Amino acid sequence: TLVVPLLATCLGVLAWLGDGKWSTKSYSWLFALHPVLGGLVFAISLVAVINSLTPFASSLLEQESSGLCTKFNEITGESCLVVAAKTLPGTWFYLVQSLMLELFVIVTLRWG
């Protein structure tokens, strides 16, 4: 997830600042690479999944609501596997970075 965005950034910069031949090749490669970037879609889905897992995990652990993990532990003697999700600042940074890269690539392809 880091190589393709870095390559797209470098190709976008070369398309703007490169000489005639390098600019044309960079533009062509960027045009071919743009559909597989997918960083923005991944970042949005990451934020959505993390925020939806937090209430689900807490409801599994609470005895008052379902107590599913407690019942699972009583029956099997094993601990319940629960994903405790938390949105960290890096997630928001990745979302903003993906949005900025997508806009940069679109502007480069539009004005190229």
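Bear in mind these aren't lab numbers, they're just calculated from the coordinates by the rules spelled out. The model shown is predicted, which means the values in this text are computed figures rather than measured ones. Methodologically, a virtual Cβ is constructed for each residue, glycine included, from the backbone with ideal geometry; neighbour enumeration extends over all protein chains shown.
Tell me, in nm to one decimal, what length is gained between ILE106 and LYS21 on full extension, where the rule is 0.36 nm per residue of separation less the Cα-Cα distance? Don't jump to the answer; show the numbers that get you there.
On the way: separation 85, 0.36 × 85 = 30.60 nm, distance 2.06 nm.
Working it through step by step, the gained length comes to 28.5 nm.
For labels at LEU33 and VAL49 in the simple 7 Å Cα→Cβ model, what's the distance in nm?
A separation of 2.5 nm, rounded to one decimal place.
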